[in-house]
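Written out below as structure tokens is the structure these notes cover.
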Amino acid sequence: MWEFARAGGGGVWMLPDGFAEKMQRLLGAEFDAFLASYDRPLAPGLRENPRKRAPAAALADFHLTDVPWARDGHYYDPLTRPGLSPLHDAGAYYLQEPSAMAPAGLLDAQPGERVLDLCAAPGGKSTQLAAAMAGRGLLVCNEINPKRAKILAGNIERMGVANALVLSEHPARLAERFAGFFDRILVDAPCSGEGMFRKEAAAVTDWSEETVLMCSRRQQEILHSAAAMLRPGGRLVYSTCTFSPEENEGTISAFLHAHADFSVLPVDAPWFDRGRPEWVADGAPGLEYTLRLFPHKLRGEGHYAAVLQKSGDASGAELPPEAAVKAPKELTEFCAQVGAALPEGHFAAFGESILLVPDELPELRGLKVLRAGLELGQARKGRFLPAHAWALWLNAALPSMSLSDEQARRYLAGQTLESALRGWTLLSYAGCTLGWAKGDGQQLKNHYPKALRRL
């Protein structure tokens, strides 16, 4: 390990020998500044959810300052711990490393498009794409690891996203199913994680040159699958949180040599450095237009991104749609009882569950689906049990009971609340919905999901 002391004391940083020596060779005169960045305090970030905008006063304690390359992105004071606020549970914001906010912005997803986040867990970039799409179009979020896919689905739900399909499939299998289907694809590829050294000790101990090369091979396979799913004229953004040329310029160069119908798209990104084509042999044209986020040149842990465009111009392929159903009587009656408008769009039934699904939702048979649109609730023998996901999506679209700090903490812990209200009630905190409760005139029975409770 390459060991060096923190400025002013406070222990040492440990960096893998091979990594530090390689970065010294690559960066030359910049290396000292790069190394010094490890001694700076972390600059954590959060990204506000435009669908569930909390009042500025409710966020003031976090001491927010803007991340220049990310809409709704902010740095926050780590001592304020916004992850403990009920606003986090309400989906008012997503905690996200500032450098990691760059790739989704570069994809520039538009409302109404078909968008794929191919390596999506834990969901930071997916929810950022969802915000850009403003609830219109189809967002497919895929994560091959089943455990991580569950975390992804949970974050999609927390942020009130209705137009997302969450899958857990191998990219090659998706390529067979969705050939030429998507307008835009994000590949935030699994990598050696050199930009995670300060956040995860395992990233340091697991690093090796062999891991770097293995990641590069896997990245090329993923990109090959992504290329097959993009329509002619579509945009693909490749990104990593690592610095190695093998996984960045090298991976993109190999991809471009193998896919003559793709080219690097120059973009206006004045906050970032350009790629380093001199760091790889036989570099493909356009590598100088890829982007590097170095931690010694901005407030963030670092990233790499390449914006690619497929030649041609054609609409995405059409696929058989998932069968739609009429809104069941139980749902319409429930909406009338609580004063909610019946959601507009297409409905689908999966067992007892009733879902609001994206207009272009393809047939799901044979796919490993964790979430398809927005679960509204379950129709059970003439009654309707509303889903937590619907509460988070509704936001303040119908009358709700506003909770104090103490009431919110009690609700999130699964406790009952005193109230004279009767029937189903939507609970909110600082203008952002938290979930459902059901009153009997004396107290509200807690319907916050047990798996999410803060015990």
First measure r as the distance between the Cβ atoms of Ala134 and Phe350, then evaluate 1/(1 + (r/R0)^6) with R0 = 35 Å and state the FRET efficiency to the nearest 0.05.
0.85
Full-stretch length increase - Ala260, Asp17 - with 0.36 nm per residue and alpha-carbon distance subtracted:
83.7 nm
With N set to the residue count of the stretch 279-436, report its C-alpha Rg divided by 2.2 N^0.38 Å to two decimal places.
1.54
For the stretch 301-361 and the stretch 51-108, write down the distance between their C-alpha centroids in whole Å.
26
Would you calculate, for the chain, the mean residue ellipticity at 222 nm contributed by helices, counting each DSSP H stretch of 4 or more residues as -39,500 (n - 2.57) and dividing by all residues, to the nearest 500?
-7500 deg cm²/dmol
Determine the relative contact order of the chain: mean sequence separation of Cα pairs under 8 Å and six or more apart, normalised by residue count, in whole percent.
14
Mind listing the long-range amide H neighbours of Leu370? Cut-off is under 5 Å, sequence gap 5 or more, other chains count too, H placed in the peptide plane at 1.01 Å from N.
Val166, Leu167, Ser168
Fully extended contour minus Cα-Cα distance, from Arg383 to Leu95, at 0.36 nm per residue:
100.0 nm
Which of Ser225, Ser253, Trp271, positive extreme of dipole for the stretch 223-279 (C-beta unit charges)
Ser225
Within the chain, which is the longest segment containing none of the trypsin sites (Lys or Arg not before Pro) that sit in a DSSP loop and have at most 10 other Cβ atoms within 10 Å?
1-325
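With a 10 Å Cβ neighbour count serving as the proxy for reagent exposure, in which order, fewest first, do Cys335, Cys141 appear?
Values: Cys335 18, Cys141 31.
Ordered by Cβ neighbours within 10 Å, fewest first: Cys335, Cys141.
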Rounded to the nearest 5, what % of DSSP beta bridges with both residues in the stretch 13-147 are antiparallel?
65
How much length would be gained if the chain were fully extended between Val369 and Ala201, taking 0.36 nm per residue of separation minus their Cα-Cα distance, in nm to one decimal?
57.2 nm
Please identify every one of the GluC sites (Glu not before Pro) in the stretch 190-295 that sits in a loop by DSSP and has no more than 16 other beta carbons within 10 Å of its own beta carbon.
Glu200
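Say R0 is 25 Å: what FRET efficiency, to the nearest 0.05, do Leu26 and Asp77 get from their beta-carbon distance?
Efficiency computed from Cβ-Cβ geometry: 0.15.
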Label-point gap, in nm, between Glu333 and Asp61 - each point 7 angstrom along Cα→Cβ
4.3
Would you please classify the overall shape of the stretch 204-298 from the alpha carbon gyration tensor, given that a ≥ b ≥ c denote the square roots of the eigenvalues, rounded means a/c under 1.5, and beyond that prolate means a/b larger than b/c while oblate covers the rest?
oblate
I need Met23, Met101 ordered by Cβ neighbour count within 10 Å, fewest first.
Met23, Met101
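Rounded to the nearest 5, what is the percent of antiparallel bridges among the DSSP beta bridges in the chain?
Numbers: 57 of 77 bridges.
Given both bridge residues lie in the chain, the antiparallel proportion sits at roughly 75 percent.
Here, each number is a calculation from the coordinates, and none is a lab measurement. Since the structure is predicted, the reported quantities are computational estimates derived from the model, not experimental observations. All Cβ positions, even for glycine, are placed from backbone atoms using ideal geometry, and neighbour counts span all protein chains on display.
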